[in-house]
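Here's the structure we're looking at; comments come further down.
The values are calculated or read from the model by the stated rules, or taken from the named source; none is laboratory data. Predicted, not measured: the structure shown is a model, and the values here were computed from it. Note that we place each Cβ from the backbone using ideal geometry, even for glycine, and neighbour counts take in every protein chain shown.
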Amino acid sequence: MMAAGGVDHSIFTIVIPTYNEVGNVGNMVRELSLLYPGARITIVDDGSKDGTVEAVQSMQRSQLGLDLIQRDPSDRGLTASVMDGIMTVGTECFVVMDCDFQHPPKHVGALMALVADGTDLAIGVREGMGPLSFGRRIASSGANKLASVYLWSRRRPSSRDLMSGFFAGRTSLAKEIIASHGKDFEKRGFKVLFDLLKFMPRDAKVVDSPYKFGDRASGASKLSSDIVLTVLRQCGLGGKVASGALHFFLINKAGRAVGFVILAAIFAIVISFAA
């Protein structure tokens, strides 16, 4: 369906990974359906035990274009969930977003417009990290710098927010990357965008789209301090070695965060000299 702004919603599928999001999933599906009539919505559930699956199945009785993927609970992982979701998309374009309303549904339209206009990958860039704890902000900043240097060393497209989980793109390109390089993704990690960009064509058009990062509407965050280790593991062989060392030597959260920032700086210097 063509919107007032000229974007055909029917060429998009909105992929939403969930894990225990019964307090949010109904409101999210309803709001997206009102804002973007004609777009398909795919819920990729990672073994919820709070009634999320049952809530989606109930909505499917009256909601056209709402799909549900129930993943193997023994293969849990946010990145793996998004990969599975993208590989089932049957439309020309897709959007990936969280279910907790920290990714505002109203900004989905801006990402859609960029992709419909020829952008290969449009990335929602967080403005304001107020809802994040101090430790999460430090870890996110360090991880973003490390990922940025790694992509620079490989001459790949980048973004100001490589830790974003809010992005849209061309389905055929994303499927090609996953089919060819999915075995190298950190499937139990949280940052599938970084993995996609590592294998993105060097001439791909990647555009940032800033938005105001909000508070979680309901439920608790699924991320843990281990995020810093998963990002390191995404940075090639050197990153995997560094991740193992960091996990072995630093066991408390505060020490792990400080050690990660120091290690990220060292790693960045080594890569810059090796490039």
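What the table shows:
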| quantity | calculated |
| --- | --- |
| Hey, residue 21 touching a Gly at 6+ places or on another chain (Cβ under 7 Å) and either among the acidic types (Asp, Glu) or in a helix (DSSP H, G or I) (or both) or not | yes |
| The range 91-127, residues that are assigned to a strand (DSSP E or B) and either out of contact with any Lys or Arg (no Cβ under 7 Å at 6 or more places or on another chain) or crowded, with 22+ Cβ neighbours inside 10 Å (or both) | 93, 94, 95, 96, 121, 122, 123, 124, 126 |
| Residues that are buried (at least 17 other Cβ atoms within 10 Å of the Cβ), out of contact with any Asp or Glu (no Cβ under 7 Å at 6 or more places or on another chain) and part of a helix (DSSP H, G or I), drawn from the range 183-198 | 192, 193, 194, 196, 197, 198 |
| Residue in the range 8-17 that is surrounded by 15 or more Cβ atoms within 10 Å (Cβ to Cβ) and part of a loop (DSSP other than H, G, I, E, B) present | no |
| Residue identified as of a type outside the set (Phe, Trp, Tyr), farther than 18 Å from residue 97 by Cβ and at pLDDT 95 or above among 136, 233, 156, 188 | 156 |
| Selection status of residue 35, under 24 Å from residue 164 (Cα atoms) and at pLDDT below 95 | no |
| Within the range 24-49, tally of residues that are part of a loop (DSSP other than H, G, I, E, B) and crowded, with 19+ Cβ neighbours inside 10 Å | 5 |
| Tally of residues being β-branched (Val, Ile, Thr) and closer than 12 Å to residue 166 by Cβ across the range 65-112 | 4 |
| Residue within the range 78-89 that is assigned to a loop (DSSP other than H, G, I, E, B) and either within 18 Å of residue 208 (Cβ to Cβ) or not β-branched (Val, Ile, Thr) (or both) present | no |
